[in-house]
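Each remark here refers to the structure printed beneath this line.
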Amino acid sequence: MSAAKAKGTWWESSIVKWLLSRGHTAVERRALTGSADRGDIAGLAGVVIEAKNHGTLTLKPWMQELQREVDNDGAVLGLLCAKRKGSTSPEDAYWLIDPRHVPMVIRAVQQYQEVRRDEAG
């Protein structure tokens with residue numbers, strides 16, 4: 001395995017461990033599928049996560065890759081997790097969202113807040 005591939009595998013595994021520690025019990029690294037890639041992390045229904053561990057952030061091609069993977073998967077939400085230099089935790093990573101999904105996330109947060117207000121009311 002090349003050094004670059006090993007870095008990517010380590011980062012994907014770190015994301016899986018981090019999600020498992022937060023109660024997402026079905027997550028795992030996804031097997032490579034070539035041109036029909038559906039992201040790096042499996043087990044979150046409707047969610048595609050693409051993991052990147054590179055010295056230089058190249059967001060435009062990464063976001064284009066994420067959008068293709070979301071389309072391949074038919075996912076509801078696409079997330080890009082780019083490792084932050086000097087940190088080893090996904091908690092400290094850069095998390096970016098497929099821009100097509102921003103309105104949906106805003107609506108979901110607003111609905112969540114309404115439910116909380118109703119419960120507190």
Quiz item: Label residue 120 and residue 56 with points 7 Å out from Cα along Cα→Cβ: what is the distance between them in nm?
Solution: 4.7
Quiz prompt | Surrounding net charge for residue 61, when Lys and Arg each add one and Asp and Glu each subtract one, Cβ distance under 13 Å | solution = 0
Quiz item: So what's the back-of-envelope 222 nm ellipticity for the chain, counting only DSSP H runs of four-plus at -39500 (n - 2.57) apiece and dividing by all residues, rounded to 500?
Solution: -14500 deg cm²/dmol
Quiz prompt | Only Lys, Arg (+1) and Asp, Glu (-1) charged, at Cβ; the chain dipole about Cα centre in debye | solution = 400
Quiz prompt | Spin-label model distance (nm) - residue 21 vs residue 105, 7 Å beyond Cα toward Cβ | solution = 2.2
Quiz prompt | Order of 11, 18 - criterion: other Cβ atoms within 10 Å of each residue's Cβ, fewest first | solution = 18, 11
Self-check item: Using θ = phi - 60° and Karplus 6.51 cos²θ - 1.76 cosθ + 1.60, couplings along region 14-30 (whole Hz; Gly, Pro as x)
Solution: 5, 5, 4, 4, 5, 5, 4, 5, 10, x, 8, 6, 9, 6, 7, 5, 8
Quiz item: Taking amide hydrogens as modeled 1.01 Å from N in the peptide plane, which residues meet the under 5 Å criterion relative to residue 54, leaving out close sequence neighbours?
Solution: 83
Quiz prompt | Charge dipole magnitude, Cβ of K and R +1, D and E -1 - region 81-121, Cα centre, debye nearest 20 | solution = 240
Exercise. For region 3-120, compute the number of Lys pairs whose alpha carbons are separated by less than 18 Å, excluding pairs fewer than 8 positions apart on the same chain.
Key: 13
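The numbers here are math on the coordinates, done by the rules we state, and not lab data. The structure presented is a predicted model; accordingly, all values stated were derived computationally and were not measured. With ideal geometry, Cβ positions are generated from the backbone for all residues, glycine too; neighbour counts draw on all protein chains shown.
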